[in-house]
């Protein structure tokens, strides 16, 4: 073997070793699952939700986090949430939803109309929804609300990542309400956030079990939104 061939073989061997080490390092990167306590993990594995409320500065309403472990793929879960126009079919008190614009493939601006409690006028707001991939092979969908009748601001996210052949779904939502009604509406507002995530989970599993054609169309839309080539 010539000297140049020997050096080439050594270089290839080094690169193979390097990539193996990098792959092993990525495999050891902790996912968000490691942030749950043992008791919370047991609840998730049993198919139950994990819910947390956290006080927020300058807000009468807490930040609400709801987590589920689902027997579906991350793409299936993300595709249902990404279809904002389907919200009136399953989201509690959602009267209507329509896409106003699509600034880019992975971004849409939607208008939602929600029924309010205590005979209050309906809430009409616009939300900018952004879809992205994450390094774990899952998805993150973020949204921010403007032009709201009842809120100064609202921001939230749904993190969807694979875990042991299932999908970990974590929804976080933080609202800063406006007006003297803020404290009065704290309980129904927090309850609605929890119920909305539960309804999303139910819709995902319903489509997987009974409406595979709808789920397939939504997954195709998710793929196109991310600019991915169909395989």
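All conditions in (1) touching a helix residue (DSSP H, G or I) at 6+ places or on another chain (Cβ under 9 Å); (2) touching a residue at least 60 places away in the same chain (Cβ under 8 Å); (3) on the phi < 0 side of the Ramachandran plot hold for residue 137, with the sole exception of (3).
Considering 145, 129, the condition of being assigned by TED's automatic domain parsing to the domain that holds residue 113, in contact with a strand residue (DSSP E or B) (Cβ under 6 Å, 6 or more places away or on another chain) and modelled with pLDDT of 95 or more is satisfied by 129 alone. Scanning the range 45-66 turns up one or more residues that are modelled with pLDDT of 95 or more, assigned by TED's automatic domain parsing to the domain that holds residue 188 and loosely packed, with under 10 Cβ neighbours inside 10 Å.
Go over the candidates 197, 158, 175 one by one and state the one that is in contact with a helix residue (DSSP H, G or I) (Cβ under 6 Å, 6 or more places away or on another chain), under 22 Å from residue 97 (Cβ atoms), assigned by TED's automatic domain parsing to the domain that holds residue 42 and buried (at least 19 other Cβ atoms within 10 Å of the Cβ). Explain how you work it out, then say what you get.
Numbers: 197 fails: in contact with a helix residue (DSSP H, G or I) (Cβ under 6 Å, 6 or more places away or on another chain); 175 fails: in contact with a helix residue (DSSP H, G or I) (Cβ under 6 Å, 6 or more places away or on another chain).
Selected residue: 158, the only one of 197, 158, 175 that is in contact with a helix residue (DSSP H, G or I) (Cβ under 6 Å, 6 or more places away or on another chain), under 22 Å from residue 97 (Cβ atoms), assigned by TED's automatic domain parsing to the domain that holds residue 42 and buried (at least 19 other Cβ atoms within 10 Å of the Cβ).
The values are calculated or read from the model by the stated rules, or taken from the named source; none is laboratory data. Please read all numbers here as calculations on a predicted model, not as lab measurements. Backbone-built Cβ (ideal geometry, glycine too); neighbour counts: all protein chains shown.
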